[in-house]
Amino acid sequence: MVTLNEYHSIDDFDSKRREAIESLLYSDEQFIYGIDVYDAILLTGKRASKLVLTDQRVIEFKRGFIKENSKDYSLDEIASIEHKKGYVMRKITLQGHGFDEDYQTLEDFGRQFVTTVREQMHRNEEGLDPLTTADIRGEEGDVDGSGSIESSQSVSDGSGKFGSLKLHVVIALLTIWWTFGLGNLAYGGYKYYKFKR
């Protein structure tokens, strides 16, 4: 089971990723929000790529088996950011001059990330202070008594809202039945035709 997370603070990352992301930030840059995104069909939660929003950029951070990779997109260069629904996962589309990228994530995380990026872009245009964790949490609610938000969701929790392993199994079984069912029917028809001759 893969668990995707969201990050309201840079301290929410494990120590290795936190150090790597801190090394990518400019001296005057502030972390705002981050989420996990899919980068492979078979993947463990620890290997999920991250989309990180700062007050200046969106950074894609990927930790491979051997090395770490990152790409960044200045908020000034982003022409469009959209959230689209798929069958199970949700897609974030990031477009601008020279780039058109898609990232798969969970519905709530994708919607929250797109909303937060748009709000930060608006704040930058207006010359306002960057978003704070309190601003983002105020939009989400769900703060428990300790003041922290539950920040992970399971892809295969069976609820259907965030995607379901059951749906994948049903689609796979229908595909197999359709493929081999039609193949057997055609083969049976061929054999019957040969028998009649």
Residue that is farthest from T105 (Cα to Cα), among those in the range 31-64 that are modelled with pLDDT under 95 and polar (S, T, N, Q) | T44
Do you know which residues across the range 123-134 are in a helix (DSSP H, G or I) and surrounded by 12 or more Cβ atoms within 10 Å (Cβ to Cβ)?
-> R123, N124, T133
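Scanning the range 95-109 for residues that are buried (at least 17 other Cβ atoms within 10 Å of the Cβ) and at pLDDT below 85, which turns out farthest from I35 (Cα to Cα)?
Kept after step one, since they are buried (at least 17 other Cβ atoms within 10 Å of the Cβ), are these residues of the range 95-109: 96, 103-107, 109.
Now restrict to residues that are at pLDDT below 85: 106-107.
Working: L106: 9, E107: 11 Å.
Out of the qualifying residues, it is E107.
The values are calculated or read from the model by the stated rules, or taken from the named source; none is laboratory data. Please read all numbers here as calculations on a predicted model, not as lab measurements. Don't worry about glycine lacking a Cβ; one is built from the backbone with ideal geometry, like all the others, and counts go over all protein chains shown.
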